[in-house]
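Notes follow the structure.
The values are calculated or read from the model by the stated rules, or taken from the named source; none is laboratory data. All of these numbers come straight from a predicted model, not from anything done at the bench. Here the Cβ is made from the backbone with ideal geometry for all residues, glycine too, and neighbour counts use every protein chain on show.
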Amino acid sequence: MSTFRKSVILTGASRGIGHATVKRFSGENWRIITCSRDEPPEACKRDPNWTHHIPTDLADADSVDQFVKTANEVLGDAPLHALVNNAAISPKTPIKERLGCLNGSIEGWRKVFDLNLFAPLVLSRGFATALSRGAKDGGAAIVNITSIAGHFIHPFAGSAYSTSKAALSALTREMAVEFAQLGVRVNAVAPGEIETEMIGDEYEPLINRIPMHRMGTPAEVAGCVYQLVSSDFGYVTGTEVFVTGGQHVY
């Protein structure tokens, strides 16, 4: 066992579920390396555990490659114990509609898949060596943030987003088999209706479809992510955990 502190790399860290996950790992005294298109909030820049934030456009291949290079340089010979692929986009057309099968540009679809599907794949490959070191240093895991919309028709998600998340669910299963050769576990967390900046009044009717009769919190998703990378879940891989308040059982 090495003397390195446990490290996590997390994408989409500046707000919502990503930001809550940063706070959870920081509370557990992990070293945190993040990226997002935005700068982190000022208060979090003072977090001594949040050691590196690298502005990155995960929809741009060159930017992704640069992030992998920079983050690996930050790690050096230290192990990586967790990679959380959280960043995602669900863009709208010029008339404020979600990208569907009959509207929006195909180029828009490609951008969604570049960030929601291919970026997690490229990052997982890019950090495979560091994760294999983590596997030998108490365990390593990847967590992909999918969505309830990848499994059920959702009124506000849009087809591009939903199918990209369904593909990420399938990728999680395939990665679980292949990364097991490195000793790295791969699981997914599928949130339902979570109270973030993206939630508007139009989501209120969906609460009637949630058995727990409330939306979830980013901290509850973050807690699930943290547990999946912990040693308590050391024999769990290829699993997708629904954090939906029971909404997915309908």
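Can you name the number of the only condition in (1) closer than 22 Å to Glu204 by Cα; (2) under 14 Å from the mean Cα position of the chain (by Cα) that Glu97 fails? Every condition holds for Glu97 apart from (2). For segment 138-160, give me each residue that is within 13 Å of Pro191 (Cβ to Cβ), outside any helix (DSSP H, G or I) and among the β-branched types (Val, Ile, Thr). Hits for segment 138-160 are Val143, Ile145, Thr146. Here Ile210 fits the description: surrounded by 15 or more Cβ atoms within 10 Å (Cβ to Cβ) and more than 19 Å from Ile89 (Cβ to Cβ).
Residues of segment 146-192 that are charged (D, E, K, R) and in contact (Cβ under 8 Å) with a residue 60 or more places away in the chain: Lys165, Arg173.
Just one of the listed residues (Thr196, Thr237, Thr163) is assigned to a helix (DSSP H, G or I) and buried (at least 18 other Cβ atoms within 10 Å of the Cβ), and it is Thr163. Only one residue in Ile32, Ile9 is within 29 Å of Arg110 (Cβ to Cβ) and touching a Phe, Trp or Tyr at 6+ places or on another chain (Cβ under 7 Å), so which one is that? Only one candidate passes the filter, namely Ile9. Of the residues making up segment 96-140, just one is in contact with a Lys or Arg (Cβ under 7 Å, 6 or more places away or on another chain) and basic (Lys, Arg), namely Arg98. Tell me which residues, restricted to segment 98-120, are free of Cβ contacts under 8 Å to residues at least 40 places away in the same chain and not in a helix (DSSP H, G or I). Those that are free of Cβ contacts under 8 Å to residues at least 40 places away in the same chain and not in a helix (DSSP H, G or I): Leu102, Asn103, Ser105. Within segment 71-91, residues that are closer than 10 Å to Ile9 by Cβ reach partners that are of a type in the set (Phe, Trp, Tyr) and at pLDDT 95 or above with beta carbons closer than 8 Å, at six or more positions or on different chains, in the pairs Ala71/Phe127; Asn72/Phe127; Leu80/Phe127; His81/Trp30; Ala82/Phe25; Ala82/Trp30; Leu83/Phe127.
Every test in (1) in a helix (DSSP H, G or I); (2) of a type outside the set (Lys, Arg); (3) touching a Lys or Arg at 6+ places or on another chain (Cβ under 7 Å) is passed by Ser90 save one, and that test is (1).
Matching residues to (1) among the aliphatic types (A, V, I, L, M); (2) under 16 Å from Ala130 (Cα atoms):
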| residue | (1), (2) |
| --- | --- |
| Gly12 | no, no |
| Val22 | yes, no |
| Ser26 | no, no |
| Thr51 | no, no |
| Thr56 | no, no |
| Glu73 | no, yes |
| Ala78 | yes, yes |
| His81 | no, yes |
| Val84 | yes, yes |
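Restricting segment 90-149 to residues that are hydrophobic (A, V, I, L, M, F, W, C), at pLDDT 90 or above and over 30 Å from Phe233 (Cβ atoms), the residue that is surrounded by the most Cβ atoms within 10 Å (Cβ to Cβ) is Trp109.
Quick grid of which residues meet (1) at pLDDT 90 or above; (2) over 20 Å from Asn116 (Cα atoms); (3) under 14 Å from the mean Cα position of the chain (by Cα):
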{"site": "Pro191", "(1), (2), (3)": "yes, no, yes"}
{"site": "Glu204", "(1), (2), (3)": "no, yes, no"}
{"site": "Asn208", "(1), (2), (3)": "no, yes, no"}
{"site": "Val221", "(1), (2), (3)": "yes, no, yes"}
{"site": "Tyr226", "(1), (2), (3)": "yes, yes, yes"}
{"site": "Val229", "(1), (2), (3)": "yes, yes, yes"}
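Go over the candidates Asn29, Asn49 one by one and state the one that is touching a helix residue (DSSP H, G or I) at 6+ places or on another chain (Cβ under 8 Å), closer than 28 Å to Gly216 by Cα, surrounded by fewer than 23 Cβ atoms within 10 Å (Cβ to Cβ) and of a type outside the set (Phe, Trp, Tyr). Don't jump to the end; show me each part of the working.
On the way: Asn29 fails: touching a helix residue (DSSP H, G or I) at 6+ places or on another chain (Cβ under 8 Å).
The conditions single out Asn49.
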